[in-house]
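Step one of this worksheet: look at the structure below.
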Amino acid sequence: MSNPINSLEKVAGNGLINRRHLLGLGLGGAGLAITGSVMAADNALPFEIPSWSRQPGPGASGYGTRSSHTEYMQRLAGNPNPVYPGGGSSRSPLQYLQGTITPNSLHFERHHAGIPAIDPAGHKLVINGLVRQPLSFNYEDLLRYPMVSKIHFLECSGNSGSLFGANASDGTAQSLHGLVSCAEWTGIPLSTLLDEAGVLPEASWIAAVGADAASMGRSIPINKALDDVLLALYQNGEPVRPGQGYPMRLFVPGWEGNLNVKWLTQIKLTRGPSNFRDETSKYSDTMADRSSLQFTFPMGCKSLITSPSGQMALERRGLYQVTGIAWSGAGSIRRVEVSADGGQSWADALIESQQSDRALTRFRIPWQWQGGSTVLQSRATDDKGNVQPTRDALIATNGLINRYHYHGIQSWSVVDSGEVRNVYV
Ligand SMILES: Nc1nc2c(c(=O)[nH]1)N[C@H]1C(S)=C(S)[C@@H](COP(=O)(O)O)O[C@H]1N2
Ligand SMILES: [Mo]
């Protein structure tokens, strides 16, 4: 008997199926549900009444916890460095997440000197330097200002940096790319506070400094600061988590993670950049021609298949839903193409997100795996026309010494046994 999957419209090599089949046009209806078993046609429950249905469970609680069955979803912490207390990062489990919002407990973290235990009652934000009137705000003052909410990704510019390495390491979506997350950030447009202080005409940059022991500072051009930068006080509806900068952080849409100064305590208006350590010895990019780029702010146009992805195993031949995330620091994602033959042919994936201006965007496409070896890839295009480059094209300009701003195409090899692995093609 012919396999009904074969009647679905193939749109690119090696089993990619038209994305319209995800829009109610028949993956399930044609008896092609990816999993699921046939149920008996009577009204009785076809199974024993389970133990959890035989007695009431615990009641409501003050603060929720997740199911104990999902505790395998954990951030992955890097190795702590004993000479650098509190420094390090933890990565979001991208391969387990769906949609586009990262739960606060799984938002990636990057700290240069750990998480300071800030009592908001004792925290101050000072705006000084080239302003008409230096100002000092406490937390309660700030909560009274009008706020806006924006959904944006945050990505460390060191994310995916291991892909600059000479050999493809056998990592997961999380271990290779988990320094990106996405949340709804609510806060005060920085322009509101800068206008109140009165920016003097000679001020061209701001210097933002955190209250952690790293005293992390970054310089940001005044045009960006007045455009869309937020003083973020809430993250997905609740106060910003301590790991994300409680009680307040800078949020700089689309630009490298490091600029998003956490535990923000000072904004100083200056004539030029302040040349902090984190924009000289760190977070500057050495190119293939040995030149060094400073202030490489926007994050690239990028995408990544999160399922199937590194270290997963396809258990049987048949229909799969290839899904992943795409984002761009320059704007919104217009197109994601997927290849199931190592980049020889491409098909457009379905893009799901409603709001994608510098936010994670979810894509999906059905795929029939017929066994054998192949390479899965995705390629994003944003609304400014930026197209995600191949790894080869990226390293031709950025070289292999640099560890920042990797945004090349990710290749996952699938071998006949079903194992999925990070490879270079
Ligand atoms: N004060 C301060 N701000 C900071 C950092 C820090 O160590 N101290 N780390 C930066 C870096 S390198 C990144 S990538 C982002 C990470 O934000 P997250 O931990 O909320 O994901 O915060 C930035 N802001
Ligand atoms: Mo970072």
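Read-outs: derived from the displayed coordinates by stated rules, not from any lab. This one's a predicted model, so the numbers in the text were calculated from it and none came from an experiment. Cβ atoms come from the backbone with ideal geometry, glycine included; neighbour counts cover every protein chain shown.
Values as computed for the structure displayed
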read-out	value
Pairwise label distance in nanometres, GLN98 with ALA60, each label 7 Å out on the Cα-Cβ vector	2.7
For the chain, with +1 on Lys and Arg beta carbons and -1 on Asp and Glu, the positive-most of THR280, TYR145, ILE17 along the dipole	THR280
Separation between Cα centres of region 150-185 and region 233-284, rounded to whole Å	18
Computed label-point distance, nm, for sites ASP416 and SER204 using a 7 Å Cα→Cβ extension	6.4
Reachable aspartates and glutamates, given that their alpha-carbon falls under 19 Å from the alpha-carbon of LYS302 and they are not under 8 places away in the same chain	GLU155, GLU256, ASP285, GLU337, ASP348, GLU352, ASP357, ASP382, ASP383, ASP392
Within a Gaussian network of the chain (alpha carbon springs, distance under 10 Å), most fluctuating of PRO201, PRO116, PRO298	PRO201
ARG317/ARG271 FRET efficiency (R0 60 Å; Cβ-Cβ; nearest 0.05)	0.40
Rounded, prolate or oblate (a/c below 1.5 giving rounded, otherwise prolate when a/b exceeds b/c) for region 70-112 by Cα gyration tensor	prolate
Region 78-208: relative contact order as a whole-number percent, Cα under 8 Å and 6+ apart	31
Separation in nanometres of the label points that stand 7 Å from Cα toward Cβ, at ALA113 and GLU48	5.9
Stretchable slack from ARG20 to ASN223, in nm (0.36 nm times residue separation minus alpha-carbon distance)	68.9 nm
Computed lengthening from THR70 to ARG290, 0.36 nm per intervening residue step minus Cα-Cα distance	74.6 nm
Dimensionless Rg/Rh of the chain - Kirkwood Rh, Rg from C-alpha atoms	1.02
Candidate lysines - alpha carbon under 30 Å from LYS124, same-chain residues fewer than 8 apart omitted	LYS150, LYS224, LYS262, LYS268, LYS282
Where only alpha carbons of region 338-382 are counted, the Rg and the Dmax (Å)	12.4, 38
Highest-fluctuation residue, PRO239, PRO93, PRO253 considered, GNM on the chain with Cα pairs under 10 Å	PRO239
Whole-percent pair-distance distribution, where bins are 5 Å wide, for the alpha carbons of region 155-287	2, 10, 18, 21, 19, 14, 9, 5, 2, 1, 0
Shape of region 225-325, Cα gyration tensor, a/c cut at 1.5	oblate
Extreme residue, positive dipole direction of the chain, given options PRO85, SER378, VAL336 (C-beta unit charges)	PRO85
Calculated from backbone phi, Karplus (6.51, -1.76, 1.60) coupling profile of region 166-172 in Hz, x at Gly/Pro	5, 10, 6, 7, 7, x, 9
Where trypsin sites (Lys or Arg not before Pro) in DSSP loops with at most 10 other Cβ within 10 Å are excluded, longest remaining stretch of the chain	145-289
HN-Hα J in Hz across region 367-384 - Karplus 6.51, -1.76, 1.60, θ = phi - 60°, x for Gly and Pro	8, 9, 8, 9, x, x, 9, 7, 10, 9, 9, 10, 9, 9, 10, 9, 6, 9
Dipole magnitude of region 145-291, debye to nearest 20 (Cβ charges: Lys/Arg +1, Asp/Glu -1, about Cα centre)	280
Built amide H within the under 5 Å cut-off of THR306, gap 5+	THR323, GLY324, ILE325
Span from the region 61-102 Cα centroid across to the region 357-425 one, whole angstrom	24
Under 5 Å, built H, 5+ apart or other chain: amide partners of ALA113	ALA214
Theoretical ellipticity at 222 nm over the chain - DSSP helices of four or more residues, -39500 (n - 2.57) apiece, nearest 500	-2000 deg cm²/dmol
